[in-house]
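Here is the structure we will look at.
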């Protein structure tokens, strides 16, 4: 139940002004207030296979994996699992809001250095490219 309340709170924060319209001009250098504002660079080469999967295995699936018991998740919501491309894509805006670019509330005990967070933001802005496995 607490996980659902956290997600609802994030969306409420977005509705009251923490997020802005995607119709605003895209600034290639940021700061961005929503993932929809962040441009996808033309030269982007990041995919699930060469970036997303290794990133999420290193920084996220210790708490956000479908194979973990509720006790092992350290209060991570049961419905937020990032051990698959589909799991990431279904939460793309939330992931950006919590962990990419200048957003650094996840993971709670620190996390990746800023250059890796920028790559995460770029990969997410480009649609989290990759091939979902059956």
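The rows are residues; the columns are (1) in contact (Cβ under 8 Å) with a residue 60 or more places away in the chain; (2) out of contact with any helix residue (DSSP H, G or I) (no Cβ under 9 Å at 6 or more places or on another chain); (3) surrounded by fewer than 16 Cβ atoms within 10 Å (Cβ to Cβ); (4) under 18 Å from residue 31 (Cβ atoms).
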residue	(1), (2), (3), (4)
46	yes, no, no, no
54	no, yes, yes, no
61	no, yes, no, no
85	no, no, no, no
96	yes, no, no, yes
109	no, yes, yes, no
112	no, no, no, no
115	no, yes, yes, yes
127	yes, no, yes, no
Exactly one of (1) exposed (fewer than 12 other Cβ atoms within 10 Å of the Cβ); (2) at pLDDT 95 or above is unmet by residue 120. Its number?
(1)
Any residue that is touching a helix residue (DSSP H, G or I) at 6+ places or on another chain (Cβ under 7 Å) and either without any contact (Cβ under 8 Å) to a residue 60 or more places away in the chain or under 18 Å from residue 127 (Cβ atoms) (or both) - is there at least one of those in region 69-77?
no
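The values are calculated or read from the model by the stated rules, or taken from the named source; none is laboratory data. All values derive from a computational prediction rather than experimental measurement. Positions of Cβ are backbone-derived with ideal geometry, glycine not excepted, and every protein chain shown enters the neighbour counts.
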